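Take a look at the structure below.
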Amino acid sequence: MMSTLTTDSVTDAGLSPLADDDLRLMLMIRHFERKLLSLFELGELNGTTHTSLGQEYIPVAMSALLDMRDFVFSNHRGHGHYLARHRDPCGLLAEIMGRDGAVCNGVGGSQHIFRDRYLSTGVQGESLPVATGVALALKRSEPGQLACAYIGDGTWGEGSVYEALNMAELWGAPLAIVVENNGIAQSTPTTKELAGTIAGRAKAFGVSHYRTESTDINRIRAHLAPLLDRVRSRGEPLVIEFATYRLGPHSKGDDSRSPEQMRRVAEHDWYTRYAAEYPAQFAAHDGEMHALIDETATEVAARPDSTWDNL
Amino acid sequence: MADIRVPKLNNNDDEYILSEWLVGDGEPVKADDALATIETSKADADVICAEAGVLRHAIAAGASCAPGSMIGQVFEPGSPGLAETPRVARPDAADRGDDDGLIITAPARALMERSGVGLDVVRRLGVKVVRQADIERLGASGEASSTRELSAAQRAVAKTVIRSHATIPSAYTVVRVDVGAAQVEARRQARLLRKLLGLPELLVAVVSSLHSAFPLFFASPMDEYTAQLSDEPNVGVTIDIGKGLYVPVVKNAAQLRLAEIAEVLTGFRLTAASGTFRAAALTGGNMTITLHNEADIVLAIPIIQPGQTCALALAGTQREADAEAGTRAVANIGLAYDHRFINGRDAIIFLQAVKKALESPAILTKNRMPKLS
Amino acid sequence: MRVAENLNAALHAAFESNQDLHLLGEDVLDPYGGAFKITKGLSDRFPDRILTTPISESGLVGVAAGMAIVGTPAIAEIMFSDFAALAFDQLVNFASKSVTMYGRHLALPLLVRCPTGAGRGYGPTHSQSLQKHFIGAPGLSLYEISPCHDNGELISGILSRATPAMLFEDKILYTQQMFAAGRADDLFSYDFPFPGTDIARVFFDDPDTADCVIIAPGGMVYRTLQAMHDLLLEHEISCTLLVPARLYPFNAEPLLPALRKTAAIFVAEESTAGGTWGGEVAQQVHSRIWKELKQPVTLIHSADSIIPTAAHLERQVIVRDSTIRQAVAGSFHG
């Protein structure tokens, strides 16, 4: 089922005011991600992590359009997705640090999280066929619910994406694919690894596609709400493409972009823009969320190691 | 696709045994490859492949097979008959001559053949699968049957003997030979030639030298009144070391030197000990010497082979009192002969010639000394 | 009845007893009923639960895993086990790992069925036995059909355990008969003498006095039985055959009393050489009863080669009853 393309211009004249709750959530995610990077630098974190700096508004926008009986699939860059869903920086940080109270006992770590109806996987593209299966099961047993899967632009290199799109459209799966297209996959710009367009790809399978460059949560929600209703009511897939900006490195310390590119990225950062446009509201919450994250980090770091009864 | 059939190897046997597949089931074969070894009562023969292809076994090694029966097939490579997972067909109950439920392993069958244990005894064992140990236990515990069945080899001997008695009206004459000088000469030659050499070897030499003078003794009856003469003497010699009676033939014996006769007979003895004779070695004889030269055996009446007119029997060497030397060594040599073609007088003259030659063996061996190079 | 019929009946029974069960596969709809007809009749009876898929092995296994993870049991059919390679990521990296990688046990009732094996001249990429490549994936169980094991019990057991599993189905075995009433053939019987396991035993007379033990998966049973028959009648070598339904995880412990008594142990499988299931079994046996063995476990398998298409060439690579017979006889005589 096809739909017309819609694109918002990047410089939507001014950002609309945010509800406090939305702003606090975005700030919580921002400070959480920053905290992770600084903990890594200090050598206090093991393994690796993929921060979603700059992209926090996407899952926050989506969170108002999803309910807890929808299924959410996330990927390696999923902290924002998890926090927007479960508002649980303690459990997530404990998971990343391998401490008691970790949402998956420290076994899955940053990339492999399963809680209620939230699941993240570590291999690109792997989640889409799974999400298709979940969507079909939901359509059968809980009609009106949907599966929402977050992927990136680089994910479109994997064949399983196309297998899933094909089957989702053939069988009418209520599947919303949210593409966080930040123009770069690890160190490779999208121009070097994506022939054609994501819109063209969705069209090839007869799947509806919607693209936006907006970072305004309220406007995003207004446009997406009827589209997601259609996914629920008709049982059909939808590709939602966010043109966005990855503020931080791919994981840690591995950013290959030029200063000029980084400057352009910074220009679109919602954080500086809200600070500029709504300074009072911003200040009221920014410091508080920063402190909350700091305290969470201190408290979690002091916990004993997580235990896993499999061994 | 070509059938592989068992050739008719002799006139004696109704069935043979496929003793060994020389090419595995499913293996490729070329024309003239030897595919399998068939064992008859007398000898082994190979089954030769006619056309190239892929061989499939139809019966297993150890199974019996009748002349003319199909034992396998050669397929074109890739043909439909090859498509299934190959399975070696088991010899079915009819082949093995079994009742329902009685299954006998190949080693057990072989032991049954060798020791003449019959199926009736084996059936009474009440065992589902009869193994070699079951047959061995029969022998050990003395629970042998009151009947004894002949082995395949012995059945063939029986058939020959029956035919001989039925078709050849035979008579018998004996001559006493002083073998002292022959023994001395045999020992001398044995040392000289470094070969096993005794009275049997000398007798083969003597008999073969009489071929031209006594043609009827090497002839083959064509009917009651006609005999086919032979060009040269092919002298069969009985060999039985306890693994069966064989009569291999010393071909063209008149042309052989004593050393060669000795080699041939030694070869026969080794073959009898280790394996079976090839058919070629057992055929073509026109006179037979039967050896009964064990101590204290004074007389033996040999069976005349069907297709021959006489047979000699060498009995054991005895010592008897002698007026001049005190004792002398003597042996009785008997001749069974087909009285249609040979009369008593002919037999006497022949035997006297044998005696004379054996009693002056130096002359005989001198004529056969190896040429000095 | 033929093994294929027993398997088809098992699937019908599973769909009757579980109203949520789904099956996904290529060409599974009636009247075609699947490439090997194993799913015949299912889509006529349960049309909304049998999905015919595009040619997307990875995708269809992922979809099935997604259904399973939310409690909808799913059977995925991969037309030839060779193609399971395409679904390796979904099977090994997602489904198997999901059982434990989220820090707690997750039920995931996913069964991936794969027709497997050579003997029909389908060539190198349609004839393989790839069980060995899935050994040792935590959370993934491997099963194989056999003439000894009723498929109804097998499949309902697998689904009730609710962890990802693969079921390998030898294509030649499809056409052969299930064993019944304790009899394998005119000489050999079968039973299940190891409580708490699924291991079948095929034996003649007194299994404890057998000269050797052969361990083999179900696809090898008929070939091994033929070899055992010939070994008994030609060479008086008696063998007992042990057939597990679950190949992995494999626990040798319950078999040790039987293995201790015997002179020689063999593992026979159709896999090509190298990194085989037999190696896994042998290692388990050696590590426990090495001192009591007269010789190491002997592995019997196909040659180290791709599987040729022409029948006469395929037969040179693939293990046959004669291969088994020669390996066993050679071990005793040579």
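The values are calculated or read from the model by the stated rules, or taken from the named source; none is laboratory data. Note that the structure is a prediction, hence the values are computed from the model and not measured. Note that we place each Cβ from the backbone using ideal geometry, even for glycine, and neighbour counts take in every protein chain shown.
Structure data summary
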| quantity | calculated |
| --- | --- |
| Single match in C:Ala184, C:Ala85 (criterion: crowded, with 21+ Cβ neighbours inside 10 Å and among the small types (Gly, Ala, Ser)) | C:Ala184 |
| Qualifying positions in region A:161-180 - within 20 Å of the chain's Cα centre (by Cα) and farther than 13 Å from A:Asn75 by Cβ | A:Ala164, A:Leu165, A:Pro174, A:Leu175, A:Ala176 |
| Residue in region A:185-195 that is crowded, with 22+ Cβ neighbours inside 10 Å and touching a strand residue (DSSP E or B) at 6+ places or on another chain (Cβ under 8 Å) present | no |
| Among residues of region B:18-68, those that are in a strand (DSSP E or B), charged (D, E, K, R) and within 14 Å of chain C (Cβ to nearest Cβ), counted | 2 |
| Hey, C:Glu236 within 12 Å of chain B (Cβ to nearest Cβ), at pLDDT below 95 and under 23 Å from B:Pro107 (Cα atoms) or not | yes |
| Options A:Glu163, A:Glu193, A:Glu180, A:Glu169: the member that is of a type outside the set (S, T, N, Q) and modelled with pLDDT under 95 | A:Glu193 |
| Candidate set: region C:90-114, residues that are crowded, with 24+ Cβ neighbours inside 10 Å and either of a type in the set (Gly, Ala, Ser) or in contact with an Asp or Glu (Cβ under 6 Å, 6 or more places away or on another chain) (or both); chosen: the one nearest to the other protein chains (Cβ to nearest Cβ) | C:Gly103 |
| When residues of region C:211-224 are limited to those that are within 14 Å of another protein chain (Cβ to nearest Cβ) and surrounded by fewer than 24 Cβ atoms within 10 Å (Cβ to Cβ), the one farthest from C:His149 (Cα to Cα) | C:Asp211 |
| Positions within region B:194-223 being surrounded by 17 or more Cβ atoms within 10 Å (Cβ to Cβ) and of a type in the set (A, V, I, L, M), in sequence order | B:Leu197, B:Leu199, B:Leu202, B:Leu203, B:Val204, B:Ala205, B:Val206, B:Val207, B:Leu210, B:Ala219 |
| Matching entry among B:Ala331, B:Ala273, B:Ala253 (being small (Gly, Ala, Ser) and over 30 Å from B:Ile38 (Cβ atoms)) | B:Ala331 |
| Sole exception among (1) within 24 Å of C:Pro54 (Cα to Cα); (2) away from every other protein chain (no Cβ under 13 Å) for C:Ala87, by number | (2) |
| Residue match in region A:90-99 (condition: assigned to a loop (DSSP other than H, G, I, E, B), farther than 17 Å from A:Gly47 by Cβ and either hydroxyl-bearing (Ser, Thr, Tyr) or in contact (Cβ under 8 Å) with a residue 24 or more places away in the chain (or both)) | no |
| Pair list, Cβ < 6 Å and 6+ apart or interchain, from region A:147-171 residues that are more than 10 Å from chain C (Cβ to nearest Cβ) and under 21 Å from A:Ile184 (Cβ atoms) to residues that are of a type in the set (D, E, K, R) and in a strand (DSSP E or B) | A:Gly152/A:Glu180 |
| Candidates C:Gly41, C:Gly71 - the one that is in contact (Cβ under 8 Å) with a residue 24 or more places away in the chain, closer than 20 Å to C:Leu7 by Cβ and over 23 Å from the mean Cα position of the chain (by Cα) | C:Gly41 |
| Cβ-Cβ under 6 Å pairs, at least 6 apart or on other chains, region A:125-141 side facing another protein chain (nearest Cβ under 7 Å), far side crowded, with 24+ Cβ neighbours inside 10 Å and assigned to a loop (DSSP other than H, G, I, E, B) | A:Thr132/A:Ala173; A:Leu136/A:Ala173 |
| Subset of region A:96-105 (residues that are facing chain C (nearest Cβ under 8 Å) and either under 21 Å from the mean Cα position of the chain (by Cα) or surrounded by 24 or more Cβ atoms within 10 Å (Cβ to Cβ) (or both)) | A:Ala102, A:Val103, A:Cys104 |
| Unique residue being aliphatic (A, V, I, L, M), within 14 Å of another protein chain (Cβ to nearest Cβ) and touching a residue at least 24 places away in the same chain (Cβ under 8 Å) when the list is C:Leu241, C:Leu259, C:Leu231 | C:Leu231 |
| Residues of region B:190-215 classified as under 18 Å from B:Gly285 (Cβ atoms) and not acidic (Asp, Glu), total | 13 |
| Looking only at region C:201-211, and only at residues there that are part of a loop (DSSP other than H, G, I, E, B) and of a type in the set (D, E, K, R), the one that is modelled with the highest pLDDT | C:Asp211 |
| Candidate set from region C:56-84 (those that are touching an Asp or Glu at 6+ places or on another chain (Cβ under 9 Å) and acidic (Asp, Glu)); member that is nearest to the other protein chains (Cβ to nearest Cβ) | C:Glu57 |
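Listed here are the residues, each with its yes/no results for (1) in contact with a Cys (Cβ under 8 Å, 6 or more places away or on another chain); (2) buried (at least 22 other Cβ atoms within 10 Å of the Cβ); (3) part of a helix (DSSP H, G or I).
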{"position": "A:Glu33", "(1), (2), (3)": "no, yes, yes"}
{"position": "A:Phe40", "(1), (2), (3)": "no, no, yes"}
{"position": "A:Asn46", "(1), (2), (3)": "no, no, no"}
{"position": "A:Ser52", "(1), (2), (3)": "no, yes, no"}
{"position": "A:Gln55", "(1), (2), (3)": "no, yes, no"}
{"position": "A:Arg69", "(1), (2), (3)": "no, no, no"}
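Let's see how each residue does on (1) of a type in the set (S, T, N, Q); (2) within 15 Å of the chain's Cα centre (by Cα):
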residue	(1), (2)
C:Ser96	yes, no
C:Arg113	no, yes
C:Tyr122	no, no
C:Lys132	no, yes
C:Leu167	no, yes
C:Tyr174	no, yes
C:Phe179	no, no
